[in-house]
């Protein structure tokens, strides 16, 4: 039975990101369909992890069709939580997954900025997909806080590809995740968060892991 492949882009990104386009082109070359939903859903301001989980789950085909998710950054975190919730997910490929997202992002904003965000309800966030700043509701933070990595215990075959020079999500986050989960394979790459210089290596690893032609 053919597998359904879905790519999930990262936070403040879009289906038109460099990584999404690169992987999409490679899937086209092997004549395999890859779905890339827009997780902004036309309303980035009210983005939450819960909304993304619901949106992606609605993309799954009939229950009996196996699904493989390829998730980048926050899309990787979303993929991991979907893998926990849905048995038809049979493989995960996580590119620099945003484990501990809030614990890495909020300290960079600083306490004052976070308190102001909480008070004023919205924070202007630069959206790379749109090329401009957009307001994001503080609901994103309160919603994200309930999703914890320790909940992710389903032994689903998982391949993590993470750059050793990642400046957004330190590679330690993936090392910690893989350490206590023998079903997770971590490949450390000589790259940063964007992984732009190692796309050929990533594709090779995806093909091998997913048994693509």
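Some observations on this one:
- Rounded to the nearest 10 degrees, the inclination of helix 111-120 to the longest alpha-carbon principal axis of the chain is 80 degrees.
- Remark: 124, 199, 1 ranked as 1, 124, 199, counting other beta-carbon atoms within 10 Å and listing the fewest first.
- 0 to 90° range, to nearest 10: angle between helix 199-210 axis and the chain longest Cα axis: 60 degrees
- Among 83, 75, 131: highest mean-square fluctuation, GNM of the chain, C-alpha pairs under 10 Å: 131
- In plain terms, the chain from residue 113 to residue 133 could stretch by 5.6 nm, reckoned as 0.36 nm per residue minus the Cα-Cα distance.
- Each label point was placed 7 Å from the Cα along the Cα-to-Cβ direction; for residue 207 and residue 175 their separation is 3.1 nm.
- When the square roots of the Cα gyration tensor eigenvalues are ordered a ≥ b ≥ c, the ratio a/c for the stretch 59-107 is 1.5 or more and a/b exceeds b/c, which makes its shape prolate.
- Of interest is the spacing of the C-alpha centroids, which for the stretch 17-36 and the stretch 60-74 amounts to 15 Å.
- Counting neighbouring Cβ atoms within 10 Å and putting the fewest first, the residues 56, 168 line up as 168, 56.
- Taking every C-alpha pair closer than 8 Å and separated by at least 6 residues, the mean separation divided by the residue count of the stretch 33-117 gives a relative contact order of 23 percent.
- Paramagnetic reach from residue 121 in the stretch 32-67 [backbone N under 13 Å; point 7 Å along Cα→Cβ]: 46
- Length added when fully stretched, residue 51-residue 151, from 0.36 nm per residue minus Cα-Cα: 34.2 nm
- The relative contact order of the chain comes to 21 percent, based on Cα pairs under 8 Å that sit 6 or more residues apart.
- Cα gyration tensor category, rounded, prolate or oblate, for the stretch 147-213 with a/c compared to 1.5: oblate
- Within the chain, percent of DSSP bridges classed antiparallel, to nearest 5: 20 percent
No value in this document is a laboratory result; all are computed from the given coordinates. Bear in mind the structure is a predicted one, so any value in this text is a computation, not a measurement. Heads up, the Cβs are rebuilt from the backbone with ideal geometry, glycines too, and the neighbour counts pull from every protein chain shown.
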